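Chemist: Below is one structure. I have some questions about it.
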Amino acid sequence: MYILIPVAVLGVIGLVAALILFFCSKKFAVKEDPRLGQVGEVLPQANCGGCGYPGCSGFAAACVKAAEKGSLEGLNCPTGGAAVMGQVSEILGLNAVASDPKVAVVRCNGSCENRPRTVAYDGMKTCKAMNACGAGETGCQFGCLGCGDCVVACQFDAIHINKETGLPEVDGDKCVACGACVKACPRMIIELRKKGKGKGMRLWVQCVNKEKGAVAKKSCAAACIACGMCEKVCQFDAVHVVNNVAYIDPEKCKMCRKCESVCPQNAIHSNGFPKPVEKKKLADLLPKPKPTETAGAEKTEGVGLALNKEVKSKIELEKTVQKEEPKAEKSKAKIDYSVTEDPILRKIRMENTQQS
Amino acid sequence: MSLFCKNTSTFKKGGVHPDENKITSEIATRAAALPKQVVLPLSQHIGAPAKPVVQKGDKVKVGTLIAEAGGFVSAPIFSSVSGTVVKVDTAWDASGYKRPAIYIDVEGDVWEDSIDRSEKLEKLSDHPELTSEEIVNRVRANGVVGMGGACFPTSIKLTPPPTAKATCVIINGVECEPYITADYRLMMEHPDEILVGVELLMKAVNVNEGYIGIETNKPKAIALLENKAKAYSNIKIVPLDCKYPQGGEKQLVDAVIHREVPAPPAIPVNVGAVVQNVGTAYAVYQAVMKNKPLFERYVTVTGKQLHAPGNFLVRMGTPFSQLIEACGGLPEGDNKILAGGPMMGKAVTTTDVTVVKGTNSVTVLTNTDAKRKEAQNCIRCGKCVSACPMGLEPYLLAQLSSLKDWERAEKEDIPSCIECGSCQFTCPAHRPLLDNIRMGKGTVMGIIRERAAAAKAAADAAKAKEEKK
């Protein structure tokens, strides 16, 4: 008989507690969109932040929110690529927005050969520390420092320092364009560009030196000297020399490689084209209306010195450069002291460049 | 000597004793030869860079204004030579980067007429027209900045915020940094001018107490100044025990008047002290009494392997290479050239770097002195903790910085670090403690600034909203 009393008491307490819980769960229920979980499941869960949102859950929330507006435009998971975005749009019942896959490119060709060391640095071996101490071991205050902050930042094992050149090289197959290396680089050398068709056909200026031509050339044999030949030869308004350094707009560039063929400094670098470019004089290229397409089966190998070694017939071209240099100096483009600017301003600017 | 050792004091927390190596202390100062060209960087001080007011081809005299202050926290720059402005371009400076600078080709040595070049000692009692404002204005107009190395515009230090009340002026004659003897030579050669300078500083901040702190490794300077200071009832010479970094503002305040400056953003004036260097006191004297802008300074050029090290009176903009040549040229072997001393100095990447307002020394370290020893694992000895003059835990801050744990680093008070390098100096495992902490401090300060800016923006937005209602 005694056993029944506690059983009854506990039973009643249990019943009351259950009622309270039931009431609370109904009254204070948090309504969560079931699609949030579904989208989260298809995402890679790398939490790399490459999409610009805090982790995969943040991106899932942004996708669901965007779905209410009816478009996934501007949202892209760089790690998962088109496949994952396709699944996401399927879950949300939308058409997938095709976005060009991107890849990180290194905009410095200051290898040991091109850019002699003038001093030795023996402080902490990180780019950030070295950047805070000064220009680094060479005379170029804009170029790669070679300590590999980008390598440490990469979660996908896609960027490595080439021991021969001392410069980072990007593995186009592994790179998912999450932008971690772009953020890690204190010199803002790494840029995300369109991956390109085929084997990754892309073309970019491998230099960010904002010094005037003569000064830049003194510190690095592969520096952009802002001679403006690339700007003149480009028919598509894609190349512009700003702050003493040329920049190829990936949106406008049609990959004709004319700029690469005239660059006296071999500062314009191509990747994934079937054949190395033929060097030409500016005068030969200007009057011709159509670009001469190169075709063949060979492939230029990797990034770096391949081109420099092949094209040594620069003597003639250098004469033209000497004529061009004073013009570049006359233009008096403003020098941007971005390397010494305020870290907050730099961060904001970096974010802007990333978005654009 | 024993006389001075009795009543000496020093700062309480931490500190280290590096080898003094003051090899140039008894070498009288000479005027350095005029260079062929001077390069005057526009950022010679903390704050906004100066704005150039001369153009290519302009003729300038010694003491001509060539760049005006670029903002409130800024200082004007004056030509240190007479000649022609060649260009306004960029030049390597001690920051390790190329920054805007004015190049002037030297022609003769013609001074501006407004500068009083006589040797006569002007006394404050003879100039009743000098009010506090007048002194501060003259200091500002003549581009005087802190000569100890930080180069903070002196006029701003002399106008403390209304929330703080200054009670005394403390003059830093400590020169705790190894090798450097520029301040010592200045004290030995111009004690009267320094004392009048201290009087001027005291008048500027309206206080009646002045102290000059000097370490006991300079007994001659202490004796000389004590003797001269007898004529000034309100200036006291305070002998201090030798310990690095006694020249740090906060350490000096602790050593001289035994008050502790709270953590940033508090500054020494919050405990009533205005701290200035002896070099600044001298520059203030020259600016106020002789109307001489700041365009030359005492520089020690030193190094164990240098053939003939010495002290020089150098015009701003003189390249390091010329000073090193004057001392017998660079020694053979691997050299590290520092703008400043071995503890706080900054290694330069080229000898084209020029002397600026904050260059108290050019130190040449050779071979083994020039290189760091290989870093080993931390052995948890705690030496860095006992060496830190700010009472921080350097091993922990370095670790937090390398792990990017900014929140915890802020909690552990990383912004208080004065970057004196005592921790790294004392570390038996040669760990790059300061390198790490400096990185972390920079990032944390950035975060704090960002947060303050965001808070201000939010407050402004709320205010605007309220006004709309």
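Since every read-out is calculated from the coordinates, none of them should be taken as a lab result. Since the structure is predicted, the reported quantities are computational estimates derived from the model, not experimental observations. Virtual Cβ from ideal backbone geometry, glycine too; neighbours counted across all protein chains shown.
Chemist: So which lysines can B:K12 reach, going by Cα to Cα under 17 Å and dropping same-chain residues fewer than 8 places off?
Modeler: Cα-Cα hits under 17 Å: B:K243, B:K250, B:K383.
Chemist: Still on this structure, I have one more. Pick out, from B:A91, A:G93, B:Q399, the residue whose Cα sits farthest towards the positive end of the charge dipole of the protein assembly as shown, with +1 on the Cβ of Lys and Arg and -1 on the Cβ of Asp and Glu.
Modeler: A:G93
Chemist: Using modelled backbone amide H atoms (1.01 Å from N, in-plane), which distant-in-sequence or interchain residues come within less than 5 Å of B:A91's amide H?
Modeler: Here B:R99, B:A101 satisfy the definition.
Chemist: Run the numbers on chain B and let me know its relative contact order in percent, using alpha-carbon pairs under 8 Å that are six or more apart.
Modeler: Here the relative contact order equals 19 percent.
Chemist: With a cut-off of 8 Å between alpha carbons and a minimum separation of six or more residues, what is the relative contact order of the stretch A:45-156 in percent?
Modeler: Rounded, it is 16 percent for the stretch A:45-156.
Chemist: Divide, for the protein assembly as shown, the radius of gyration over alpha carbons by 2.2 N^0.38 Å, where N is the residue count.
Modeler: 1.14
Chemist: When the Kirkwood hydrodynamic radius is evaluated over all pairs of different C-alpha atoms of the stretch B:349-388, what value in angstrom, to one decimal, is obtained?
Modeler: Evaluated over the stretch B:349-388, this radius sits at 14.2 Å.
Chemist: Using a 10 Å cut-off around each Cβ, can you sort B:Y298, B:Y179 from fewest to most neighbouring Cβ atoms?
Modeler: Placing the least packed residue first, the sequence is B:Y298, B:Y179.
Chemist: Whole Å is fine, so just give me how far the alpha carbon centre of the stretch B:174-192 lies from that of the stretch B:381-406.
Modeler: Going from one Cα centre to the other spans 32 Å.
Chemist: Given the DSSP H assignment, sum -39500 (n - 2.57) over each helix run of at least 4 residues in the protein assembly as shown and divide by its residue total; what's the result at 222 nm in deg cm²/dmol, nearest 500?
Modeler: Taking each H run of at least 4 residues, the total per residue is -9500 deg cm²/dmol.
Chemist: Treating only the Cβ atoms of Lys and Arg (+1) and Asp and Glu (-1) as charged, compute the dipole magnitude of the stretch B:152-212 about its Cα centre; round to the nearest 20 debye.
Modeler: Here the stretch B:152-212 has a charge dipole of around 360 debye.
Chemist: If you filter the stretch A:164-205 for GluC sites (Glu not before Pro), then keep DSSP loop positions with at most 12 other Cβ within 10 Å, what is left?
Modeler: Answer in residue order: A:E164.
Chemist: Can you compute the equivalent ellipsoid semi-axes for the stretch A:1-101, i.e. the square root of 5 times each eigenvalue of the Cα gyration tensor, sorted largest first and rounded to whole Å?
Modeler: Result for the stretch A:1-101: semi-axes of 47, 14, 10 Å.
Chemist: Would you kindly calculate the translational diffusion coefficient of the stretch B:31-106, applying Stokes-Einstein with the Kirkwood radius from alpha carbon pairs, for 25 °C and a viscosity of 0.890 mPa s, and quote it in µm² s⁻¹ without decimals?
Modeler: Diffusion coefficient, whole number: 197 µm²/s.
Chemist: Let me ask something additional. So who's got an amide H within less than 5 Å of the one on A:I159, skipping anything under 5 residues away but keeping other chains? H placed 1.01 Å off N, in plane.
Modeler: A:D171
Chemist: Could you give the size of the charge dipole of chain B about its Cα centre, using +1 on the Cβ of each K and R and -1 on the Cβ of each D and E, expressed in debye and rounded to the nearest 20?
Modeler: Here chain B has a charge dipole of around 940 debye.
Chemist: Same structure again: Note down the relative contact order for the stretch B:1-73 as a percent, whole number, built from C-alpha pairs under 8 angstrom at least six residues apart.
Modeler: Here the relative contact order equals 23 percent.
Chemist: Identify all lysines with a Cα-Cα distance to B:K61 below 21 Å; exclude those on the same chain that are fewer than 8 residues away in sequence.
Modeler: B:K36, B:K51, B:K87, B:K290, B:K292, B:K357
Chemist: Going by the alpha-carbon gyration tensor, a ≥ b ≥ c the square roots of its eigenvalues, is the stretch A:184-288 rounded (a/c under 1.5) or, if a/c is not under 1.5, prolate (a/b greater than b/c) versus oblate?
Modeler: oblate
Chemist: Now a separate question. For the stretch A:35-171: lysine pairs with Cα atoms under 29 Å, gap of 8 or more or different chains, count?
Modeler: 6
Chemist: Take every DSSP beta bridge whose two residues both sit in the protein assembly as shown, then give the antiparallel share in percent to the nearest 5.
Modeler: Bridges in the protein assembly as shown are about 70 percent antiparallel.
Chemist: So what does the Cα-only Debye profile of the stretch A:230-283 read at q = 0.13, 0.19, 0.25 Å⁻¹, as log10 I(q)/I(0), no solvent term?
Modeler: Ignoring solvent entirely, the Cα scatterers give -0.28, -0.62, -1.08.
Chemist: Using +1 on the beta carbon of Lys and Arg, -1 on that of Asp and Glu, and nothing else charged, what's the dipole of the protein assembly as shown about the Cα centre, debye to 20?
Modeler: 1600
Chemist: Take every residue in peptide A:118-124, count the Cβ atoms of other chains within 10 Å of its Cβ, and give the average of those counts.
Modeler: So the per-residue partner count for this stretch is 6.
Chemist: Could you list A:K199, A:K254 in order of exposure, starting from the residue whose Cβ has the fewest other Cβ atoms within 10 Å?
Modeler: Ordered from fewest to most neighbouring Cβ atoms within 10 Å, A:K199, A:K254 come out as A:K254, A:K199.
Chemist: Going toward the positive end of the dipole of the protein assembly as shown, with +1 on Lys and Arg Cβ and -1 on Asp and Glu Cβ, which of B:T8, A:L15, B:A28 do you reach last?
Modeler: A:L15
Chemist: List every residue whose amide H lies under 5 Å from the amide H of B:C388, counting only residues 5 or more places away in sequence or on a different chain, with H placed 1.01 Å from N in the peptide plane.
Modeler: Under 5 Å from the amide H of B:C388: B:G15.
Chemist: Please report the projected area of chain B's Cα convex hull averaged over all directions, in nm².
Modeler: If I average the Cα hull's projected area over directions, I get 24.8 nm².
Chemist: For the stretch B:1-100, which chymotrypsin sites (Phe, Trp or Tyr not before Pro) are in a loop by DSSP, counting at most 10 other Cβ atoms within 10 Å?
Modeler: B:F72
Chemist: Quick one: give the max-minus-min coordinate of the C-alpha atoms of the stretch B:296-370 along each principal axis, largest first, in Å.
Modeler: Extents along the principal axes: 32, 24, 18 Å.
Chemist: Classify the stretch A:35-92: rounded, prolate or oblate, from the alpha-carbon gyration tensor (a ≥ b ≥ c, eigenvalue square roots; a/c under 1.5 rounded; otherwise prolate if a/b is larger than b/c)?
Modeler: It is rounded, given that a/c, with a ≥ b ≥ c, falls under 1.5.
Chemist: Can I ask one more? Projecting each Cα onto the charge dipole of the stretch B:1-125 (Lys/Arg +1, Asp/Glu -1 at the beta carbon, about the Cα centre), which of B:S43, B:P18, B:S74 comes out farthest on the positive side?
Modeler: It is B:P18, whose Cα lies furthest towards the positive end.
Chemist: Counting only other chains, what is the mean number of Cβ atoms within 10 angstrom of the Cβ of each residue in peptide B:341-350?
Modeler: Neighbouring Cβ atoms belonging to other protein chains average 3 per residue here.
Chemist: Give me the percent of DSSP beta bridges within chain B that run antiparallel, rounded to the nearest 5.
Modeler: 60
Chemist: For the stretch B:90-118 and the stretch A:56-70, what is the separation of their C-alpha centers, rounded to whole Å?
Modeler: One Cα centre to the other: 60 Å.
Chemist: So what are the three principal axis dimensions of the stretch B:383-465 from its Cα atoms, in whole Å, longest to shortest?
Modeler: 58, 23, 15
Chemist: Quick check: from the Cα gyration tensor, does the stretch B:53-205 come out rounded (a/c under 1.5), prolate or oblate?
Modeler: Prolate, because a/c is 1.5 or more and a/b exceeds b/c.
Chemist: Just checking the output field for B:372-381: average partner chain Cβ neighbours within 10 Å of each residue's Cβ?
Modeler: Neighbouring Cβ atoms belonging to other protein chains average 1 per residue here.
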